[in-house]
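Undergrad: Can you keep this structure in mind? I'll have questions shortly.
The values are calculated or read from the model by the stated rules, or taken from the named source; none is laboratory data. Not measured: the values here are computed from a predicted model. Note that we place each Cβ from the backbone using ideal geometry, even for glycine, and neighbour counts take in every protein chain shown.
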Amino acid sequence: MIRTGIIGLGKMGISHCAILGAHPDVNLVSVCDSSALVITGFKKYSRFECFSDYKKMIDSMNLEAVVIATPTKFHGEMVMYALNKNIHVFCEKPFLLNPNEGKLLSDLAKKQNLVNQVGYHNRFIGTFYELKNLLRLNVIGELYHFLGESYGPVVLKEKNPTWRTEKGQGGGCLYDYASHTIDLINFLLAKPVEVAGTQLKSIFSKDVEDAVYSTLILETGLTGQLSVNWSDETYRKMTTQITLLGKGGKIISDATELKIFLKQENENLGLTKGWTIKNITTLTQNVNFYLRGEEYSSQIDHFINAIKTKSTTTSSFDSATITDEVITLLMKDISSN
Amino acid sequence: MERIIFGDNQFFGVNHSSDEKSRAQAIKFKDNQSILNVLDIAIEEGIYTFMCTTHDRMADICQTIRSDKKYENYKIYPCMPYAHKYANAVTELGVMGSIKQYLPGNIFTTVAKGGLAFMQRDFISLMKLLVDAEMKMFKGIDTPVIFLQNVVTDLLLGLGITDFLVAFHQYVREKYKAEAGFITMNLPMLLNSLESKGIENPTICTSINKIGFRMSGGRQLYEKVIEERRCKLIAMQVFAAGSIAPKEALEYVCNFRGIDSILFGASSRSNIKNSKELIDTFSRKTDNIYSKL
């Protein structure tokens, strides 16, 4: 049983808390949050030790692992503190506001032999995972274009700001939504190294953008588009979709469906000429505890398993830093426009 | 509970196997009348119970159900809360902002007098206020079972905060003279947890299908629990979002005596009729086998 604590009990932190609380290999012993209301509730109703100061929690609870789910601007110091105390770290996305810090923390984690992971859960969705396998097998031949999209209904009218809608806190559609899309592009295709023609549009928010549109150039030379909007109420919840165009066909994938169009039959993979549709129902593995989606449990399983087997994770500080770098590139592109 | 319960996912653009289909459904059921038309078809085919989320649009539909005589014996099983409404609100407004938005104004003002202190003393009272806020739209409609959505049931289950589940169970019984139901994706764990808190034979709605989709811990474990008949069980996601052919899917769930009801949603008369007939046929078969034993 891995002694674990959580810092930050917002939407993601509480969700992680339930998943860790039900995990057979985890002994979730403590939680920490700055909100008196939340901590009072946990003190009264839960079995966990409650803290409002994360350093006190880390110093006193003899933790092996910690999950950090606070606003992004706090990640750096918290991750650093935990790593220095020899604790494995799972940190929510986006990782850091300053990508230079990412390299430092990644090096520190490696030096200390500590497992490090960032919560990019799309990497654990069956359809995207299968898509990665198909790309490895070069199923649609040489790629010539991609489109990464995320849409959802978060900010639908002008309202009072919270940290998610304030500048410089890791809020805004770029940090909150586009980070997922960028990470998925990096996971499936390659690292984006240049951006062009970036548009950050404020639709309803005063201080941050509600939509991000840009062209990404990957280190392989492949180019494609990023289109992200969190003020689109035609989507019931956040929806991320990747479209890939290759000389041998086309693939469209979201979290529920993988649609493959091949110009020629692929006998080895049992894929016919034309369209083949694969659904998440057959591409997903059962988890021991389900909350909101298999991927949230799977990413925690992956983290815990990496601690048990002393292995590396698929969504490390290194890969999350690439996403942070791309976010910085997009912001620079805007200021130079 | 009725053997067949009509579901609402198709009306509100929920489809677990295709985001594209879910958008198409959202377009198809843009008007409330188009939803009522399908409910009418289900009634004509002999399905008198509708299990639905406390979606904003349900308030208008309830208005018609209350006022039209043809729905006199109609039953609704409300499922609360409509999670995305709150999740999006929390992202946008924060926890306190969301509470402000969704608690009825005057009640919140009353609560606000005690302010934080009130809520810190009594989260369970807050839960009761939220239940009342969600139940408002069903006033005057027969709601014999009131469900807690899986995202809340499973969240509390994972957190180990089962006092709220017990409190919900009691409150629904006292205030609404109804049975509390729990929707879950974690049947074995939930049942053990409820029993340990003294809730015997609870009403549970959970994914049960031949391919084991969304059956946490695996199909075998579920089948063992179903056979033990420790709860009143409603099977949902029986088609695993369309991955199993209707006949095969319904034969599988109808074979279990431990499954009391089957929940399914459909948009066309042919699908509703077909599923209803298959359930009736397979259920009779199972009854016959067991009556001979």
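Undergrad: Would you check which residues across the stretch A:241-276 are among the β-branched types (Val, Ile, Thr) and in contact with an Asp or Glu (Cβ under 6 Å, 6 or more places away or on another chain) and list them?
TA: The answer is A:THR256, A:THR272.
Undergrad: Mind checking which residues of the stretch A:288-300 are more than 19 Å from the chain's Cα centre (by Cα) and either more than 10 Å from chain B (Cβ to nearest Cβ) or of a type outside the set (S, T, N, Q) (or both)?
TA: Correct list: A:PHE289 only.
Undergrad: Continuing with the same structure: What are the residues in the stretch A:60-102 that are over 15 Å from A:ASP324 (Cβ atoms) and among the acidic types (Asp, Glu), if any?
TA: Result: A:GLU64, A:GLU77.
Undergrad: Quick one: A:PHE261 ticks every box in (1) away from chain B (no Cβ under 13 Å); (2) within 16 Å of A:GLU149 (Cα to Cα); (3) in contact with a Phe, Trp or Tyr (Cβ under 6 Å, 6 or more places away or on another chain) bar one, so which box is it?
TA: Status for A:PHE261: all satisfied but (2).
Undergrad: Looking only at the stretch A:21-34, decide whether some residue is touching a Cys at 6+ places or on another chain (Cβ under 9 Å), within 14 Å of chain B (Cβ to nearest Cβ), modelled with pLDDT under 95 and under 29 Å from A:GLU294 (Cα atoms).
TA: No: the stretch A:21-34 contains no residue that is touching a Cys at 6+ places or on another chain (Cβ under 9 Å), within 14 Å of chain B (Cβ to nearest Cβ), modelled with pLDDT under 95 and under 29 Å from A:GLU294 (Cα atoms).
Undergrad: For A:LEU28, indicate whether it is part of a helix (DSSP H, G or I) and buried (at least 18 other Cβ atoms within 10 Å of the Cβ).
TA: Considered against the rule, which asks whether it is part of a helix (DSSP H, G or I) and buried (at least 18 other Cβ atoms within 10 Å of the Cβ), A:LEU28 comes out as no.
Undergrad: Within the stretch B:169-223, can you find the residues that are within 12 Å of chain A (Cβ to nearest Cβ) and without any contact (Cβ under 8 Å) to a residue 24 or more places away in the chain?
TA: B:ASN192, B:GLY212, B:GLY218, B:ARG219, B:GLN220, listed by residue number.
Undergrad: Can you give me the ranges of the strands (runs of 3 or more DSSP E) entirely in the stretch B:175-293 with at least 3 residues that are touching a strand residue (DSSP E or B) at 6+ places or on another chain (Cβ under 7 Å) and not hydroxyl-bearing (Ser, Thr, Tyr)?
TA: B:179-184, B:232-236
Undergrad: Now a separate question. Tell me whether the stretch B:16-26 contains one or more residues that are away from chain A (no Cβ under 14 Å), aliphatic (A, V, I, L, M), surrounded by fewer than 17 Cβ atoms within 10 Å (Cβ to Cβ) and in a helix (DSSP H, G or I).
TA: no
Undergrad: Does A:ALA178 meet the test of being farther than 23 Å from A:THR234 by Cβ and either modelled with pLDDT of 90 or more or within 14 Å of another protein chain (Cβ to nearest Cβ) (or both)?
TA: no
Undergrad: Residues to consider are A:GLY8, A:GLY13, A:GLY102; find the one that is within 13 Å of another protein chain (Cβ to nearest Cβ) and buried (at least 23 other Cβ atoms within 10 Å of the Cβ).
TA: Going through A:GLY8, A:GLY13, A:GLY102 in turn, the sole match is A:GLY8.
Undergrad: Could you grab me the full set of residues in the stretch A:267-282 that are more than 14 Å from chain B (Cβ to nearest Cβ) and surrounded by 19 or more Cβ atoms within 10 Å (Cβ to Cβ)?
TA: Selection gives A:LEU271 alone.
Undergrad: When the stretch A:203-212 is examined, which residues are found to be touching a Gly at 6+ places or on another chain (Cβ under 8 Å) and without any contact (Cβ under 8 Å) to a residue 40 or more places away in the chain?
TA: A:GLU209, the sole residue that qualifies.
Undergrad: Is it the case that the stretch A:301-309 has a residue that's under 28 Å from B:VAL152 (Cα atoms) and within 14 Å of chain B (Cβ to nearest Cβ)?
TA: Yes, there is a match, as at least one residue in the stretch A:301-309 is under 28 Å from B:VAL152 (Cα atoms) and within 14 Å of chain B (Cβ to nearest Cβ).
Undergrad: So which pairs qualify, if the first residue must be in the stretch B:238-263 and within 14 Å of chain A (Cβ to nearest Cβ) and under 21 Å from B:THR49 (Cα atoms), the second must be assigned to a helix (DSSP H, G or I) and at pLDDT 95 or above, the Cβ gap must be under 8 Å, and the two must be at least 6 apart or on different chains?
TA: B:VAL238/B:ALA249; B:VAL238/B:LEU250; B:VAL238/B:TYR252; B:VAL238/B:VAL253; B:PHE239/B:PRO246; B:PHE239/B:ALA249
Undergrad: Then there's this: Check whether at least one residue in the stretch A:285-292 is touching a strand residue (DSSP E or B) at 6+ places or on another chain (Cβ under 8 Å), surrounded by 20 or more Cβ atoms within 10 Å (Cβ to Cβ) and of a type outside the set (D, E, K, R), and report yes or no.
TA: Checking the stretch A:285-292: not a single residue is touching a strand residue (DSSP E or B) at 6+ places or on another chain (Cβ under 8 Å), surrounded by 20 or more Cβ atoms within 10 Å (Cβ to Cβ) and of a type outside the set (D, E, K, R).
Undergrad: Just one of the numbered conditions (1) at pLDDT 95 or above; (2) surrounded by fewer than 22 Cβ atoms within 10 Å (Cβ to Cβ) is not true of A:PHE204; which one?
TA: The number of the failed condition is (1).
Undergrad: Kindly indicate whether B:ASN32 is of a type outside the set (A, V, I, L, M), crowded, with 21+ Cβ neighbours inside 10 Å and at pLDDT below 95.
TA: no
Undergrad: Still on this structure: Take the residues in the stretch B:32-87 that are among the hydroxyl-bearing types (Ser, Thr, Tyr) and within 14 Å of chain A (Cβ to nearest Cβ); name whichever of them is farthest from the chain's Cα centre (by Cα).
TA: For the stretch B:32-87, the residue satisfying everything is B:TYR86.
Undergrad: Can you confirm whether the stretch A:165-174 contains a residue that is in a helix (DSSP H, G or I) and away from chain B (no Cβ under 13 Å)?
TA: Yes, the stretch A:165-174 contains a residue that is in a helix (DSSP H, G or I) and away from chain B (no Cβ under 13 Å).
Undergrad: Criterion first (under 25 Å from B:SER22 (Cβ atoms) and touching a Pro at 6+ places or on another chain (Cβ under 7 Å)) does B:PHE213 satisfy it?
TA: Criteria not met by B:PHE213.
Undergrad: I'd like to check something: does the stretch B:156-168 contain any residue that is modelled with pLDDT of 95 or more, touching a strand residue (DSSP E or B) at 6+ places or on another chain (Cβ under 6 Å), crowded, with 18+ Cβ neighbours inside 10 Å and small (Gly, Ala, Ser)?
TA: There is no residue in the stretch B:156-168 that is modelled with pLDDT of 95 or more, touching a strand residue (DSSP E or B) at 6+ places or on another chain (Cβ under 6 Å), crowded, with 18+ Cβ neighbours inside 10 Å and small (Gly, Ala, Ser).
Undergrad: If you scan the stretch A:312-337, which residues turn out to be more than 19 Å from A:GLN225 (Cα to Cα) and in contact (Cβ under 8 Å) with a residue 24 or more places away in the chain?
TA: Hits for the stretch A:312-337 are A:THR312, A:THR313, A:THR314, A:SER315, A:SER316, A:PHE317, A:ASP318, A:SER319, A:ALA320, A:THR321.
Undergrad: Within the bounds of the stretch A:57-69, is there any residue that is within 14 Å of another protein chain (Cβ to nearest Cβ) and assigned to a helix (DSSP H, G or I)?
TA: No, that holds for no residue.
Undergrad: Report, ordered by the first and then the second residue, all pairs with beta carbons closer than 6 Å, sequence separation of six or more or different chains, a first member in the stretch A:1-22 that is farther than 18 Å from A:ILE307 by Cα, and a second member that is at pLDDT below 95 and of a type in the set (Phe, Trp, Tyr).
TA: none
For (1) at pLDDT 90 or above; (2) assigned to a helix (DSSP H, G or I); (3) charged (D, E, K, R), each residue gets a yes or a no:
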position: B:ASP56; (1), (2), (3): no, no, yes
position: B:ILE61; (1), (2), (3): yes, yes, no
position: B:ILE65; (1), (2), (3): yes, yes, no
position: B:ASN73; (1), (2), (3): yes, no, no
position: B:TYR77; (1), (2), (3): yes, no, no
position: B:LYS85; (1), (2), (3): no, yes, yes
position: B:THR91; (1), (2), (3): no, yes, no
position: B:GLY94; (1), (2), (3): no, yes, no
position: B:ILE99; (1), (2), (3): no, yes, no
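Undergrad: Another question, then. Tell me the residue from A:ARG47, A:ARG3 that is within 14 Å of chain B (Cβ to nearest Cβ), among the charged types (D, E, K, R), under 22 Å from B:GLY160 (Cα atoms) and surrounded by fewer than 18 Cβ atoms within 10 Å (Cβ to Cβ), please.
TA: A:ARG47
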